[in-house]
Amino acid sequence: MKITIDGHTVEVEPGTTVLEACRMVGGDSVPPTMCYYSKLKDCGGKCRCCLVEVTKGSERDPRPMPKLQPSCVTAAQDGMEVKSATSERAKTSRRAVSEFLLINHPLDCPVCDQAGECDLQDLAYGNENFRSRFVEEKRTFEPENIGPYIQLHMNRCILCYRCVKLADQLTPERVHGVVGRGDHAQISTYIERAIDNDFSGNVIDVCPVGALTDKTFRFKSRVWFTKKFNAHRHCTKCSGKVTLWMFGDSILRVSARKDQWKEVEEFICNECRFEHKETEDWVIEGPHKFQKYSVNNVNNYTEPMEKVKINIDELALEGRKQDQKKISMVNTPYDANELEAIKKTKEE
Ligand code: SF4
Ligand code: SF4
Ligand code: FES
């Protein structure tokens, strides 16, 4: 099947969603996602951040779809044409969705552990000249203790349901869910039961905002001050492949490794995540590379160095041909050593 996104045609398998096709195209065509998570089944369709404009339904039925479609739950059709980055309608609506998500969202960023790796921050900053029109009092919830490892800040929750889907699909017994409706809806564990099973910590990684954070990392550092390393250990419960968030020799946090879409590659167990904070517990493989634009990339190269090519035909020291005419010291006399060094560099 062929589908065209912003003028780029890609070949996809039947059953592929429009969002997955957009990810194949890449760049600005990839819509933001706050609820969709490719590693979880039946996840998406909640936040409406990923809206796209379908200008041609399919080869068989070329009518455009009158309403914008959430790309994460819209199946690609053969001959479909979609506008994502090139649709003003989609961009305006995404902007309205982010304004809506921020209506009840607290101004917690300066004290929020998610800052720097928060999808909602990225979404809000992606909107140029964003101004909230909401002047009413924001909705707030009573703090709730959901156990020793996971901190719940319900005020920051955007009700994406990722944590609920994860608990349904990964843990034997889900003890938390969304209770209430409308602006009373909240993530709760019913009678405050702790989430105590081996894989519950993964809700921290899938939560797109700072509603579920790691209690053992709370207020220890900002993520951009930490150095991230991929590491592994022998674990009988999970793959043991993690990212260590270190400051000097101290392991401040352990998380699952994430891919370029900021989605977990392999879910890890609570023992690896919370109970091994000594460097001797881990075999460190090397620096973790973030693929997506992120403040976590500070001091990291995000692309393999062999791809970086400086495209100059003359050595920078000698200057470009067109510039040599503008300066008075053309043909600077190099000594023998300098000439040898220039020759060697050119050969390389
Ligand atoms: S969840 Fe994100 S947007 Fe909300 S306070 Fe935390 S960092 Fe800021
Ligand atoms: S707690 Fe986080 S993952 Fe769960 S519904 Fe709220 S925002 Fe989504
Ligand atoms: S990511 Fe598609 S609706 Fe949320």
Cβ-Cβ cut-off under 12 Å around G201, Lys and Arg +1, Asp and Glu -1: the net charge is -2
Restricting to DSSP loop positions (anything but H, G, I, E, B) with no more than 11 other Cβ atoms inside 10 Å of their own Cβ, which chymotrypsin sites (Phe, Trp or Tyr not before Pro) remain in the stretch 47-141?
none
Would you kindly work out the equivalent ellipsoid of the stretch 145-278 from its C-alpha gyration tensor and give its semi-axes, the square roots of five times the eigenvalues, largest first in whole Å?
25, 16, 14
So for the stretch 223-297, averaging the separation of alpha carbon pairs under 8 Å that are six or more residues apart and normalising by length, what relative contact order in percent results?
34
Once you list every other residue whose beta carbon is under 14 Å from the beta carbon of D183, what net charge do they have if Lys and Arg are +1 and Asp and Glu are -1?
+1
Write down the Å³ per residue value for the convex hull defined by the alpha carbon atoms of the stretch 223-297.
78
Likely footprinting exposure, S29, S38, S132, fewest C-beta neighbours within 10 Å first:
S132, S38, S29
Taking 0.36 nm per intervening residue step and subtracting the Cα-Cα distance, what contour gain separates E338 from E285 on full extension?
15.1 nm
Percentage of Cα-Cα pair distances in the stretch 90-167 greater than 14 Å, rounded to whole percent?
69
Rounded if a/c is under 1.5, else prolate if a/b is larger than b/c, else oblate: which is the stretch 2-99, with a ≥ b ≥ c the root eigenvalues of its Cα gyration tensor?
oblate
Long-range HN-HN contacts of L252 with modeled amide H, under 5 Å:
W245, M246, F247
Listing T236, T17 by rising number of other beta-carbon atoms within 10 angstrom, fewest first, gives T236, T17
By count of other Cβ within 10 Å, fewest leading, how are I204, I342 ordered?
I342, I204
Relative to the present Cα-Cα distance, how much length would full extension add between K41 and Y125 at 0.36 nm per residue of separation?
27.3 nm
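Bear in mind these aren't lab numbers, they're just calculated from the coordinates by the rules spelled out. Since the structure is predicted, the reported quantities are computational estimates derived from the model, not experimental observations. Cβ coordinates were reconstructed from backbone atoms using ideal geometry, including for glycine residues, and neighbour counts include every protein chain displayed.
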